[in-house]
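The values are calculated or read from the model by the stated rules, or taken from the named source; none is laboratory data. The shown structure was predicted, so the numbers you read here are calculated from the model rather than taken from an experiment. Every residue, glycine as well, gets a Cβ built from its backbone with ideal geometry; the counts of neighbours run over all protein chains shown.
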Amino acid sequence: MLRFFRFHAAYGVGLPDPEGLQACVAARENLDRLSRERVRMEVIKLLVAAHAVPTLAVMAEAGILGPVLGAVPNLTGVSNMAKLEAACGLAPDPVRRLGALAVMIAEDAERLWQRLRLTNAEHDRLASMAEGWWRVAPADDAAARELLYRLLPEGFTDRVLLAWARSEQGAADPTWRAMVTLPRRWTAPAFPIRAVHLMKRGVAKGRGLGAALAEAERAWIARGFPTDKAAVAEIADAVARNAASGPAA
């Protein structure tokens, strides 16, 4: 049944064969008998097929896609995601499209993980997409750089594209496009301050040291990710002074 739709998404033109579609509708209750690993394989392949979006729409209308996902599919979201991938020159990505189709909150990522027997890496990507995508906005360059630093390029692209796909702006919007392409223009440096640097400045081991490191990272990000030794040393000195006076401990 799933292969019928996958093959149509890859090779078909127009609507699926009516008799074949009717046979799938008649047999849809048998979906529960399929191994979850097989369902995952078919869904992942279907999502990146040339005509994935219209085929998913047919599956939804036939009452087949909802039971596969265990939720109401967001067809507009996956359609927008496909358009954004094409507009940004990105290859179709099944996990990203699955997120647009069926992930709104973290619980959705958990459900799909179990229902489709996704790999741990696939689950982690969906969970990251679900975390605060609605807070992503393209106007703040500093926030975009911090997000890229924390999520790394793949996670950043996933979450920004999901937010864009669910926004009111279309694929030609220049501000969203600039944000999505940030990893092509800027590489986040590694955080240069280590525990040993703070310990040399008098910060003792323990929870206070961890808090001081976190404070140093926040200050380093707020300063625009400096890499020169003088600026890094200035941040470390200030954090060590704060730790000595008590707040970080």
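Restricted to region 1-22, and to residues there that are in contact (Cβ under 8 Å) with a residue 24 or more places away in the chain and closer than 17 Å to V68 by Cα, the residue that is surrounded by the fewest Cβ atoms within 10 Å (Cβ to Cβ) is R3. Checked against (1) in the same structural domain as L34 (by TED's automatic domain parsing); (2) modelled with pLDDT under 95, D141 meets all criteria but (1).
For the subset of region 170-206 comprising residues that are within 26 Å of P73 (Cα to Cα) and surrounded by 14 or more Cβ atoms within 10 Å (Cβ to Cβ), which member is farthest from the chain's Cα centre (by Cα)? Walk me through how you get there before you give the answer.
Filtering region 170-206 down to residues within 26 Å of P73 (Cα to Cα) leaves 170-173, 176-177, 180.
Subset that is surrounded by 14 or more Cβ atoms within 10 Å (Cβ to Cβ): 171, 173, 176-177, 180.
Working: A171: 18, D173: 20, W176: 15, R177: 16, V180: 12 Å.
The extreme case among them is D173.
In this structure, V160 does not qualify as farther than 30 Å from E122 by Cα, among the β-branched types (V, I, T), at pLDDT 95 or above and part of a helix (DSSP H, G or I).
What are the residues in region 77-130 that are assigned to a helix (DSSP H, G or I) and polar (S, T, N, Q), if any? Within region 77-130, S79, N80, Q114, N120, S128 qualify.
Quick check on region 39-64: of everything there that is touching a Leu at 6+ places or on another chain (Cβ under 8 Å) and without any contact (Cβ under 8 Å) to a residue 24 or more places away in the chain, which residue is farthest from G77 (Cα to Cα)? Out of the qualifying residues, it is A60. Annotation note: of P67, P92, the sole residue that is in contact (Cβ under 8 Å) with a residue 40 or more places away in the chain and either closer than 23 Å to N120 by Cα or assigned by TED's automatic domain parsing to the domain that holds R111 (or both) is P92.
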